[in-house]
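S.K.: Have a look at the structure that comes next, please.
The values are calculated or read from the model by the stated rules, or taken from the named source; none is laboratory data. These figures come from a predicted structure and were not determined experimentally. Virtual Cβ from ideal backbone geometry, glycine too; neighbours counted across all protein chains shown.
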Amino acid sequence: MSKPLPAAVRTHFTALRALLVLTVILGVAYPLLVTGISQVAFSEKANGSIVKADGKEVGSSLIGQNFNLPKKNPDDPKEEAQPDPKWFQPRPSAAGTGYDASSSGASNQGPNSEDLLKAVNDRRAAVAAFDGVDPASVPADALTASGSGLDPDISPAYAKEQVNRVAKERGLPADMLNQLVDRYTESRPLGFLGNEAVNVVLLNKALSEQK
Amino acid sequence: MSSTLAGWMQALALVGALALCYRPLGDYIARILTTPRHLRAERGIYKVIGVDGDADQRWPVYLRSVLAFSAVSVLFLYGLIRLQGYLLLNLGVPQMAGHQAWNTAISFVANTNWQSYGGESAMGHLVQMAGLAVQNFVSAAVGIAVVAALIRGFTRNRTDRLGNFWVDLVRINLRLLLPISIVFALVLAASGVIQNFHGFHEVTNLAGDVQKIPGGPVASQEVIKLLGTNGGGFFNANSAHPFENPNGFSNLVEVFLLLVIPFALPRTFGRMVGDNRQGYAIVAVMGLFWVASTALLTFAESQHSGSALQAAGAAMEGKEQRFGIAASGLFAASTTLTSTGAVNSFHDSFTPFGGGITVFNMMLGEIAPGGTGSGLYGMLVLAIVAVFVAGLMVGRTPEYLGKKLGGREMKFASLYILTTPTIVLVGTGVAMALPGERAGMLNSGAHGFSEVLYAFTSAANNNGSAFGGITVNTDWYDTALGLAMIFGRLLPIVFVLALAGSLAQQQPVPATPGTLPTHKPLFVGLLSGVILIVVGLTYFPALALGPIAEGLTS
């Protein structure tokens, strides 16, 4: 028989066995258990809170989306997408070319960044012209990209700002759209957690169902 | 309700929940770490891995076990990432380059979770759950095991035995982390965090765009990412991603999870040393720093200074509408004070002073309350320094909890305190001296310097958050930050265990009228002062070049 292995080597074999046992418990059994229970108990949420319109899946209520006009030339990557005035518009997005759910992320531009300053000023002018309002009244969430780039929400102020434009484009009474915005304004959970928000995906889906 | 009032109530609710958990959870952890009884499942595991659960280890053996476990973990994870293409559920992601896989493997083993990759485009589900999430569990457990050994150094006398690492590791995972994770994974799944094994799922949006909706076992990983103060996001956007953190409720649950164990461990300490008041003194110091930091950071963000943020009218760049300023500030302060590094808003776009506070929080050394286990051992080392400083003032050999703090103990404590700043400052200095590495900055000037300083501070303190603008997926940064993470994790552990071994060998000295009481407000003040002086003197020049310069000029 050969000599027993030195202690330092044996410790590494112990470590490997410990890691493998823990991987089976924590890395396989645990996520399978949680998936099993979640799929039975909260399957709609566990599968991504998918929203359907006319029986077809149109996205997730948690993931924001673009509401742009079709591109004039779909093959031209340089052509900038234009917002469609018939829809409530979401916040600017730094995820891919905008609301790309396979590439979440933020702009990471600093508080004194020249690029960010220019982007904010340009957006303020563009949004004010688009919605036909005073540039000074455009709220901050309309001018800044979110952290995830997939923010499904806007502030109630930004939603209200867009009502007249959408009403005109769709030939719907503004009062009705104001009520719709109120209905889709989510107050803070438990009254004090997080922030008030209007879910643009759900609001626009409701809008598409108005006759 | 006004935003300000809601923000205060949210913070109060969090403090209340943490206070409620302090005693029961702290006592429970103490029981896990001290009971001689093994569960049947644990006996089975000891048999499989070939250890005697009743055999205590000397400190060098305990250390060797920690190091061996870390080394094997790095190699295993590196292999898993590199072989991803041959594994199940890989979603067809491209092969990760060697330097990036090395960086990632170290990052998760070192409880840092620095990510130079984006989760949804680089990781398949199997590597996330069987590789990364497993390290989220076990690296947190290693931290708690090491602090357990240090506390035993105080409680045991004239012995060279500090406990058994394998027993500590298995018990902390099975009795502490796993049960809490199961419960809260379901809480998160119920509030909208996804939990499935789908790949990307294509849908046509309302306005006709084609969008790829991601899938994955997110809730199960989200919980331990926070509970173990790890912070590695399943997705690139981390806890800002709506599938990781869908609403204000899940957000508060996540902040609670990342604070609950670090804030309960002082109770464990008090319980184990047989004087709960010692735990209260330590938790008071942690709480003071946490409250001050959260309040200052939220205030700075609500002032939205910085030319671009002024133009926007609020510091909403990089923040989610459903969280707003208050919930983002609360998360940012908590994540940088706990070595977690998960983010629900992007620190690079914070106001100059707000971003500066996140860097300062990490420079404190992740002690208020710090990472799971690592926060408490860091704080106890500083407590030893504080007692020593007080001893110098009156000219007598200091003692802490009946153990004399002589030359040997102070040597280890000093080495502990010098390690991280050395790594941070040398690393930042070298990066700034290299033109290619300087070019990695997204922003220029003082803010660009802050990006580099943040990166090394985050890596060496095992936090893992970033001023995300900087390009770090390069050979140089992956290698340099990998070294910063592994040395920033393991060297302090070496010194802590050596210190523990030295304390355990002593015969305790009885308290005399000259002994400094370490459970009174005086000591809380003294310890807080020592922390501020040590950190301030070490990092002030670097902070002055980055966030302070930017804040004063804008």
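S.K.: Might you let me know whether region A:56-73 holds any residue that is of a type in the set (Lys, Arg) and more than 28 Å from B:Pro242 (Cβ to Cβ)?
M.R.: Taking region A:56-73 first, the residues of a type in the set (Lys, Arg) are A:56, A:71-72.
After this cut, where a residue has to be more than 28 Å from B:Pro242 (Cβ to Cβ) as well, the list is A:72.
Within region A:56-73, one or more residues are of a type in the set (Lys, Arg) and more than 28 Å from B:Pro242 (Cβ to Cβ).
S.K.: Continuing with this model, one more query. Looking only at residues in region B:346-369 that are within 17 Å of the chain's Cα centre (by Cα) and small (Gly, Ala, Ser), which one is farthest from A:Glu114 (Cα to Cα)?
M.R.: B:Ala368
S.K.: To continue, here is another question. Being in contact with a His (Cβ under 6 Å, 6 or more places away or on another chain) and either crowded, with 24+ Cβ neighbours inside 10 Å or within 14 Å of another protein chain (Cβ to nearest Cβ) (or both) narrows it down to one of B:Gly371, B:Gly329, B:Gly355, B:Gly365, so name that one. Quick ask: steps written out before the conclusion?
M.R.: Details: B:Gly371 fails: in contact with a His (Cβ under 6 Å, 6 or more places away or on another chain); B:Gly329 fails: in contact with a His (Cβ under 6 Å, 6 or more places away or on another chain); B:Gly365 fails: in contact with a His (Cβ under 6 Å, 6 or more places away or on another chain).
Residue meeting the stated conditions: B:Gly355.
S.K.: Do any helices (runs of 4 or more DSSP H) entirely within region A:1-116 hold 3 or more residues that are out of contact with any Cys (no Cβ under 7 Å at 6 or more places or on another chain), among the aliphatic types (A, V, I, L, M) and free of Cβ contacts under 8 Å to residues at least 60 places away in the same chain, and if so, which? So that I can check it myself, show each step before the final result.
M.R.: On the way: elements: A:7-22, A:30-41, A:43-46.
Once the helices (runs of 4 or more DSSP H) in region A:1-116 are filtered for at least 3 residues that are out of contact with any Cys (no Cβ under 7 Å at 6 or more places or on another chain), among the aliphatic types (A, V, I, L, M) and free of Cβ contacts under 8 Å to residues at least 60 places away in the same chain, what remains is A:7-22, A:30-41.
S.K.: Suppose we filter region B:86-113 for residues that are modelled with pLDDT of 95 or more and of a type in the set (Phe, Trp, Tyr); how many remain?
M.R.: Summing the residues that are modelled with pLDDT of 95 or more and of a type in the set (Phe, Trp, Tyr) in region B:86-113 gives 2.
S.K.: Any idea which of (1) within 30 Å of B:Asn443 (Cα to Cα); (2) surrounded by fewer than 24 Cβ atoms within 10 Å (Cβ to Cβ); (3) more than 7 Å from chain B (Cβ to nearest Cβ) is the one A:Lys72 doesn't satisfy?
M.R.: All conditions pass for A:Lys72, except number (1).
S.K.: Mind counting the residues in region B:238-279 that are part of a helix (DSSP H, G or I), of a type in the set (A, V, I, L, M, F, W, C) and over 21 Å from the mean Cα position of the chain (by Cα)?
M.R.: Step one: filter region B:238-279 for residues part of a helix (DSSP H, G or I), giving B:238-240, B:248-272, B:276-279.
Add one more test, that the residue is of a type in the set (A, V, I, L, M, F, W, C), and what stays is B:240, B:249, B:252-253, B:255-261, B:263-265, B:269, B:272.
Filter once more, keeping what is over 21 Å from the mean Cα position of the chain (by Cα): B:249, B:272.
Number satisfying all stated conditions: 2.
S.K.: Counting only residues that are more than 8 Å from every other protein chain (Cβ to nearest Cβ) and β-branched (Val, Ile, Thr), which one in region A:86-137 is nearest to the chain's Cα centre (by Cα)?
M.R.: Selected residue: A:Thr97.
S.K.: Restricting to region B:361-411, what's the tally of residues that are over 22 Å from B:Val535 (Cα atoms) and in a helix (DSSP H, G or I)?
M.R.: 3
S.K.: Let me ask something else. Run A:Pro83 past the list (1) within 25 Å of B:Asn236 (Cα to Cα); (2) at pLDDT 95 or above; (3) more than 9 Å from chain B (Cβ to nearest Cβ) and report the number of the one that doesn't hold.
M.R.: (1)
S.K.: Whether any residue in region B:147-163 is farther than 16 Å from B:Ile32 by Cα, in contact (Cβ under 8 Å) with a residue 60 or more places away in the chain and surrounded by 24 or more Cβ atoms within 10 Å (Cβ to Cβ) is what I want to check.
M.R.: Scanning region B:147-163 turns up at least one residue that is farther than 16 Å from B:Ile32 by Cα, in contact (Cβ under 8 Å) with a residue 60 or more places away in the chain and surrounded by 24 or more Cβ atoms within 10 Å (Cβ to Cβ).
S.K.: Moving on to the next point. Go over the candidates A:Val198, A:Val181 one by one and state the one that is assigned by TED's automatic domain parsing to the domain that holds A:Ser137 and part of a strand (DSSP E or B).
M.R.: The unique qualifying residue is A:Val198.
S.K.: Could you tell me which numbered condition B:Val72 fails, if it satisfies all but one of (1) at pLDDT below 95; (2) closer than 30 Å to B:Val260 by Cβ; (3) not charged (D, E, K, R)?
M.R.: Condition (1) is where B:Val72 drops out.
S.K.: Let me ask something additional. Could you go through region B:269-276 and let me know if any residue there is aromatic (Phe, Trp, Tyr) and either in contact with a Cys (Cβ under 6 Å, 6 or more places away or on another chain) or surrounded by fewer than 24 Cβ atoms within 10 Å (Cβ to Cβ) (or both).
M.R.: no
S.K.: Mind listing whichever residues of region A:201-211 are in contact (Cβ under 8 Å) with a residue 24 or more places away in the chain and under 13 Å from A:Leu177 (Cα atoms)?
M.R.: Of everything in region A:201-211, those that are in contact (Cβ under 8 Å) with a residue 24 or more places away in the chain and under 13 Å from A:Leu177 (Cα atoms) turn out to be A:Leu203, A:Asn204, A:Lys205, A:Ala206, A:Leu207, A:Ser208, A:Glu209, A:Gln210.
S.K.: Exactly one condition in (1) in contact (Cβ under 8 Å) with a residue 24 or more places away in the chain; (2) over 14 Å from A:Leu62 (Cα atoms); (3) not polar (S, T, N, Q) is false for B:His201; which is it?
M.R.: Tallying (1) in contact (Cβ under 8 Å) with a residue 24 or more places away in the chain; (2) over 14 Å from A:Leu62 (Cα atoms); (3) not polar (S, T, N, Q), B:His201 fails exactly one: (1).
S.K.: Something else about it: Restricting attention to region B:88-101, does a residue exist that is surrounded by 20 or more Cβ atoms within 10 Å (Cβ to Cβ), in contact (Cβ under 8 Å) with a residue 60 or more places away in the chain and away from chain A (no Cβ under 14 Å)?
M.R.: yes
S.K.: Can you pull out the residues in region B:43-87 that are more than 14 Å from chain A (Cβ to nearest Cβ), loosely packed, with under 15 Cβ neighbours inside 10 Å and farther than 19 Å from B:Ala149 by Cβ?
M.R.: B:Leu83, B:Gly85, B:Tyr86
S.K.: So which residues in region A:191-203 are facing chain B (nearest Cβ under 7 Å) and either more than 14 Å from the chain's Cα centre (by Cα) or over 18 Å from B:Phe331 (Cβ atoms) (or both), if there are any at all? So that I can check it myself, show each step before the final result.
M.R.: Of the residues in region A:191-203, the ones facing chain B (nearest Cβ under 7 Å) are A:191-195, A:197.
Hits for region A:191-203 are A:Gly191, A:Phe192, A:Leu193, A:Gly194, A:Asn195.
S.K.: Report yes if B:Ile224 is over 20 Å from B:Thr372 (Cβ atoms) and facing chain A (nearest Cβ under 9 Å), otherwise no. Spell out how you get there, then give the answer.
M.R.: Values: over 20 Å from B:Thr372 (Cβ atoms): no; facing chain A (nearest Cβ under 9 Å): yes.
Taking the combined requirement at face value, the residue does not satisfy it.
S.K.: Applying the selection to region B:457-489, what residues are assigned to a helix (DSSP H, G or I) and either touching a Leu at 6+ places or on another chain (Cβ under 7 Å) or aliphatic (A, V, I, L, M) (or both)? Outline the logic, then answer.
M.R.: Narrowing region B:457-489 to residues assigned to a helix (DSSP H, G or I): B:457-460, B:475-489.
Of everything in region B:457-489, those that are assigned to a helix (DSSP H, G or I) and either touching a Leu at 6+ places or on another chain (Cβ under 7 Å) or aliphatic (A, V, I, L, M) (or both) turn out to be B:Ala459, B:Ala460, B:Ala480, B:Leu481, B:Leu483, B:Ala484, B:Met485, B:Ile486.
S.K.: Something else: Within region B:496-506, can one find any residue that is assigned to a helix (DSSP H, G or I), of a type in the set (S, T, N, Q) and touching an Asp or Glu at 6+ places or on another chain (Cβ under 9 Å)?
M.R.: yes
S.K.: Can you find, within region B:303-324, the residue that is farthest from the other protein chains (Cβ to nearest Cβ) among those that are more than 12 Å from A:Ala140 (Cα to Cα) and surrounded by fewer than 24 Cβ atoms within 10 Å (Cβ to Cβ)?
M.R.: B:Gln303
S.K.: Does region B:280-299 contain at least one residue that is in a helix (DSSP H, G or I), buried (at least 21 other Cβ atoms within 10 Å of the Cβ) and within 14 Å of chain A (Cβ to nearest Cβ)?
M.R.: Yes, because at least one residue in region B:280-299 is in a helix (DSSP H, G or I), buried (at least 21 other Cβ atoms within 10 Å of the Cβ) and within 14 Å of chain A (Cβ to nearest Cβ).
S.K.: Checking A:Gly147 against (1) facing chain B (nearest Cβ under 8 Å); (2) surrounded by fewer than 19 Cβ atoms within 10 Å (Cβ to Cβ), only one condition comes out false. Which one?
M.R.: Of (1) facing chain B (nearest Cβ under 8 Å); (2) surrounded by fewer than 19 Cβ atoms within 10 Å (Cβ to Cβ), only one is false for A:Gly147: (2).
S.K.: With the condition kept exactly as written, say whether any residue in region B:335-350 is acidic (Asp, Glu), part of a helix (DSSP H, G or I) and more than 30 Å from B:Gly514 (Cα to Cα).
M.R.: yes
S.K.: Which of the residues belonging to region B:214-239 are at negative phi and among the polar types (S, T, N, Q)?
M.R.: B:Ser220, B:Gln221, B:Asn230, B:Asn236, B:Ser239 - these are the residues of region B:214-239 that are at negative phi and among the polar types (S, T, N, Q).
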